[in-house]
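Participant: Sharing a structure, written as structure tokens. Questions coming.
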Amino acid sequence: MPNIFIRHKTLLLSLLSGLLLSLSWPARGFPFLAFVAFIPLLLVEDHLFQNRDRHRGFAMFLHAWIAFFVFNVCTTWWIMYATLPGMVVAMVLNSLFMAIPVGLAHIARRVLPGRPGPVSLLFFWLTFEYLHARWDLSWSWLDLGNVFARFPAWVQWYEYTGTAGGTAWILVLNLILFFLLKQFMPPAGPPKKRVILGGFAAVAFVLPALVSFSLWNGYEETHDPVEVVVIQPAIDPYDQAGSLEEARRRIALMTDLADQAVTPETRFVVAPEGASPYGIWMHRDEDHAMVSALRSHIENNEGLTWVFGSMVYRLYGPHEEAPPSARQDPGNNQKYDVYNSALMVEAGKTVAYYHKSKLVPGIEKMPFYRVLGPLGRLVEGFGGTASSLGTQESRGVFQTGDGTIVAPVICYESIYGDYMRGYNIQGAGLIFIITNDGWWRNTPGHRQHNQYARLRAIESRKSIARAASTGISSFINQRGDILKQSAWWEPTSMNQTLNKNHRLTFFTLHGNILGKLSLFLSFLLVLYMGSQWIIRRRSQ
């Protein structure tokens, strides 16, 4: 056994990093394992650097890919229930992207004077998370700062930094503890250096925690109450309504569930993503069975407003310019768009719409459509999409007649804190997350998704009502505490009074400052690395 470990030491250390990250992850992991999860990978990097004559720089990239592949598989394997080929592609590619900052840090150590490689990992990783949230293959589910979702009292300062602050906290502690561990390895460092590094580690852990607990204990919500009901119909997303009669039964189920929780003080009923059993044409929305049923329900409950999700279709006129996402109607020469939308129905007002704009790659849109469009049939054969749903350019909010403004966040959008700033800047006082997490069955996926909403509450200091068709519905206050939540796959409705908050946090106003700063520093580092590599090549 010892011989096996020595022979495959770097491989086993890479696997250990992946396992430690997995064991730290929500919904049931222990997040503080993340503070040491990178240490085995840093030991691999150090070994490869010390033996750089025998190992090429690509070896570090390969070991990092192995670590992050284990991490991705162990934490997001449940994607297979939505699409097995999509899961395989996501695991391979996301692991590849996560390995890039580690590989760059190793190259920096090889080529730069002073060997700053391990420290540069902090900037390269923050840059990776910042950029990864902004392209067609975006997948921020595994951003390191999400690891504290179950323990919001530890990261109340996310209202200033967003989850990037948690990422920095994790990486800084890993780096300090790695340098401390090195002082105990042959040749051992001087005791004074161990004490100094140990002190740095203690301060780096305790100080952010003390600041967070101080914010958590001292935070008081301004009293501005709104009573909200969320309904969870628990309808299997794979079981489509086969007839108009079945669709009407499902609509009646939702209004009946609402009636079980609605009181004279209830202001909103929030139903999940895809609550409407079939799509709504925008130019004929008042004729739709769902809209008609909600109009009738509102007449019997004065002052009530419904927010719910549906597939929505927009028809373009013969002379109207259509966007690239528009599809050709085979029956005529007109084009139309398909949206995954949130709708608001209020007495005396036309139906309001918000179209989901952060789409799931491969499921709701074809990444890099202009280049990969010809592969459409192949992608559809594997359960993906050859085109894209429609989107809107900016975040939209719903404003009721009494001036209440809410952010209608649809499913996947809720994992992007920087993206969600767009709702809050427009004056949202409450956040409604509508989702349908039943695609993943009873797996960690829906639990992770519910926990991540707690971080969005802290970043924006907004109360959240979360309606999930077959996942977990919940109410979350401005500190990220879960006030009430449903069970999995339980037809139910819940009532809760939430406080509005129109104050804009530092994070809402300025966004991911750490990511922007790291992007600038990483750019300079890469330029410096390139210049040093050229100088070395010429000198040789």
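The values are calculated or read from the model by the stated rules, or taken from the named source; none is laboratory data. Note that this is a predicted model, so its numbers are computed, not measured. Positions of Cβ are backbone-derived with ideal geometry, glycine not excepted, and every protein chain shown enters the neighbour counts. Accessible surface is based on the protein model in full, side chains and every heavy atom, while ligands, DNA and RNA are left aside. Shrake-Rupley method; radii C 1.70, N 1.55, O 1.52, S 1.80 Å.
Participant: Restricted to region 106-118, and to residues that are open to solvent by 10 Å² or more (accessible area, probe 1.4 Å) and aliphatic (A, V, I, L, M), which residue is farthest from the chain's Cα centre (by Cα)?
Facilitator: By that ranking, first place goes to Val111.
Participant: So which of Gly198, Gly165 is in a helix (DSSP H, G or I) and under 25 Å from the mean Cα position of the chain (by Cα)?
Facilitator: Only one candidate qualifies: Gly165.
Participant: Further, regarding this structure: Identify all residues within region 386-431 that are assigned to a loop (DSSP other than H, G, I, E, B) and among the acidic types (Asp, Glu); write none if there are none.
Facilitator: Glu393, Asp402, listed by residue number.
Participant: Mind telling me which of the residues Lys500, Lys484, Lys462 ends up being under 23 Å from Ile425 (Cα atoms) and surrounded by fewer than 23 Cβ atoms within 10 Å (Cβ to Cβ)?
Facilitator: Lys500
Participant: Among (1) of a type in the set (A, V, I, L, M, F, W, C); (2) touching a strand residue (DSSP E or B) at 6+ places or on another chain (Cβ under 9 Å); (3) open to solvent by 60 Å² or more (accessible area, probe 1.4 Å), where does Ile100 come up short?
Facilitator: With (1) of a type in the set (A, V, I, L, M, F, W, C); (2) touching a strand residue (DSSP E or B) at 6+ places or on another chain (Cβ under 9 Å); (3) open to solvent by 60 Å² or more (accessible area, probe 1.4 Å) applied to Ile100, the lone miss is (2).
Participant: Please determine, by comparing only the residues of region 244-267 that are in contact with a strand residue (DSSP E or B) (Cβ under 7 Å, 6 or more places away or on another chain) and crowded, with 16+ Cβ neighbours inside 10 Å, which one is nearest to Cys411 (Cα to Cα).
Facilitator: Going through the qualifying residues, I end up with Met254.
Participant: Just to be sure before I move on: is Gly438 farther than 15 Å from Val228 by Cα and more than 19 Å from the chain's Cα centre (by Cα) in the structure I sent?
Facilitator: no
Yes or no, residue by residue, for (1) in a strand (DSSP E or B); (2) out of contact with any Asp or Glu (no Cβ under 7 Å at 6 or more places or on another chain); (3) without any contact (Cβ under 8 Å) to a residue 60 or more places away in the chain:
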residue: Arg447; (1), (2), (3): no, yes, no
residue: Arg456; (1), (2), (3): no, yes, yes
residue: Thr470; (1), (2), (3): no, no, no
residue: Phe475; (1), (2), (3): yes, yes, no
residue: Arg479; (1), (2), (3): no, yes, no
residue: Lys484; (1), (2), (3): yes, yes, yes
residue: Phe507; (1), (2), (3): no, no, no
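Participant: Among Leu173, Leu126, Leu142, which is at pLDDT 95 or above and more than 19 Å from the chain's Cα centre (by Cα)?
Facilitator: Leu173
Participant: Name the single residue that is farthest from Val406 (Cα to Cα) among those in region 268-285 being open to solvent by 40 Å² or more (accessible area, probe 1.4 Å) and touching a residue at least 60 places away in the same chain (Cβ under 8 Å).
Facilitator: For region 268-285, the residue satisfying everything is Met282.
Participant: Please give the number of the condition Asp53 fails out of (1) among the acidic types (Asp, Glu); (2) part of a helix (DSSP H, G or I); (3) open to solvent by 30 Å² or more (accessible area, probe 1.4 Å).
Facilitator: Tallying (1) among the acidic types (Asp, Glu); (2) part of a helix (DSSP H, G or I); (3) open to solvent by 30 Å² or more (accessible area, probe 1.4 Å), Asp53 fails exactly one: (2).
Participant: In addition: Evaluate region 230-243: report whether one residue or more is in contact with a strand residue (DSSP E or B) (Cβ under 7 Å, 6 or more places away or on another chain) and either among the β-branched types (Val, Ile, Thr) or open to solvent by 20 Å² or more (accessible area, probe 1.4 Å) (or both).
Facilitator: Yes, because at least one residue in region 230-243 is in contact with a strand residue (DSSP E or B) (Cβ under 7 Å, 6 or more places away or on another chain) and either among the β-branched types (Val, Ile, Thr) or open to solvent by 20 Å² or more (accessible area, probe 1.4 Å) (or both).
Participant: Among the candidates Gly114, Gly103, which residue alone is over 19 Å from Lys358 (Cα atoms) and not in a helix (DSSP H, G or I)?
Facilitator: Gly114
Participant: List pairs: first in region 226-254 and at positive phi, second outside any helix (DSSP H, G or I), Cβ under 8 Å, 6+ apart or cross-chain?
Facilitator: Taking only residues 6 or more apart or on different chains, the pairs are Ala234/Ser469; Ala234/Thr470; Ala234/Trp489; Ala234/Glu490; Ala234/Pro491; Ala234/Thr492.
Participant: Would you mind stating whether Leu121 is surrounded by fewer than 19 Cβ atoms within 10 Å (Cβ to Cβ), modelled with pLDDT of 95 or more and either in a helix (DSSP H, G or I) or touching a Phe, Trp or Tyr at 6+ places or on another chain (Cβ under 7 Å) (or both)?
Facilitator: Considered against the rule, which asks whether it is surrounded by fewer than 19 Cβ atoms within 10 Å (Cβ to Cβ), modelled with pLDDT of 95 or more and either in a helix (DSSP H, G or I) or touching a Phe, Trp or Tyr at 6+ places or on another chain (Cβ under 7 Å) (or both), Leu121 comes out as no.
Participant: Here is a follow-up. Residues Gln451, Gln485: which one is closer than 23 Å to Ala164 by Cα and at pLDDT 95 or above?
Facilitator: Gln451
Participant: Continuing with the same structure: Looking at region 78-96, which of its residues are free of Cβ contacts under 8 Å to residues at least 40 places away in the same chain and either open to solvent by 10 Å² or more (accessible area, probe 1.4 Å) or not in a helix (DSSP H, G or I) (or both)?
Facilitator: Across region 78-96, the qualifying residues are Met80, Met87, Val88, Val92, Leu96.
Participant: Might you check whether a residue that is in contact with an Asp or Glu (Cβ under 9 Å, 6 or more places away or on another chain), more than 22 Å from Ile433 (Cα to Cα) and either open to solvent by 60 Å² or more (accessible area, probe 1.4 Å) or part of a helix (DSSP H, G or I) (or both) occurs anywhere in region 317-328?
Facilitator: Among the residues of region 317-328, at least one is in contact with an Asp or Glu (Cβ under 9 Å, 6 or more places away or on another chain), more than 22 Å from Ile433 (Cα to Cα) and either open to solvent by 60 Å² or more (accessible area, probe 1.4 Å) or part of a helix (DSSP H, G or I) (or both), which makes the answer yes.
Participant: Another question about this same structure. Check Lys349 against each of (1) under 31 Å from the mean Cα position of the chain (by Cα); (2) within 19 Å of Gly396 (Cα to Cα); (3) assigned to a loop (DSSP other than H, G, I, E, B) and name the one condition it does not meet.
Facilitator: All conditions pass for Lys349, except number (1).
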